[in-house]
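This report concerns only the one structure given below.
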Amino acid sequence: MNDEDRNTQSTNKGNDKESETRLMGAERLVGNDVCNENGENLGNIKEIMLDTNTGNVCYAVLSFGGILGIGSKLFAVPWNRLKLDAERKYFVLNVDKDRLKNAPGFDKNHWPDMGDKSWENQMHFYYAATK
């Protein structure tokens with residue numbers, strides 16, 4: 001089913017923007033741009049990480065830097081730090097570009113153990129996110 005089909009068959013048929021974007025398929029979110037509040041591009045969403053025990057979305061894995069994806073760094077950002085700007089069609093992460101450059105990250109071939117509690121605490125602390 002493509003986006004057009006999915007949009008017309010949505011069970012979320014409210015009249016406001018929040019209703020239109022409250023429930024979205026994860027596939028539709030991957031590839032979305034992420035910008036800070038100043039409109040600076042911080043990369044895009046490469047992956048959505050779910051807690052399979054609770055069903056909650058935990059992290060968005062962002063790709064930042066590099067050229068055409070080469071040399072880019074990946075960052076796991078707590079999902080509750082992202083806000084969808086439906087009008088501009090991107091996510092907003094209230095982080096300065098330089099802070100993101102210095103954030104704990106990883107490369108595409110060496111992912112961290114995201115189930116490790118100390119790693120989870122480090123990510124939530126760095127992004128001042130609630131659990």
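The values are calculated or read from the model by the stated rules, or taken from the named source; none is laboratory data. Remember, it's a predicted structure, so these values are computed and weren't measured experimentally. For neighbour counting, all protein chains shown are included, and Cβ atoms are generated from backbone atoms with ideal geometry for every residue, glycine included. Protein only, heavy atoms only, side chains kept; ligands, DNA and RNA dropped before computing areas. Shrake-Rupley method; radii C 1.70, N 1.55, O 1.52, S 1.80 Å.
Checked against the criteria, residue 111 does not count as within 13 Å of the chain's Cα centre (by Cα), aromatic (Phe, Trp, Tyr) and closer than 18 Å to residue 48 by Cβ. Looking for something exposed (fewer than 14 other Cβ atoms within 10 Å of the Cβ), in a loop (DSSP other than H, G, I, E, B), at negative phi and not aromatic (Phe, Trp, Tyr) - is there at least one such residue anywhere in region 115-122? Yes, there is a match, as at least one residue in region 115-122 is exposed (fewer than 14 other Cβ atoms within 10 Å of the Cβ), in a loop (DSSP other than H, G, I, E, B), at negative phi and not aromatic (Phe, Trp, Tyr).
I'd like the full set of residues that are open to solvent by less than 90 Å² (accessible area, probe 1.4 Å), in contact with a strand residue (DSSP E or B) (Cβ under 9 Å, 6 or more places away or on another chain) and assigned to a loop (DSSP other than H, G, I, E, B), limited to region 95-113. Those that are open to solvent by less than 90 Å² (accessible area, probe 1.4 Å), in contact with a strand residue (DSSP E or B) (Cβ under 9 Å, 6 or more places away or on another chain) and assigned to a loop (DSSP other than H, G, I, E, B): 95, 103, 104, 105, 107, 112.
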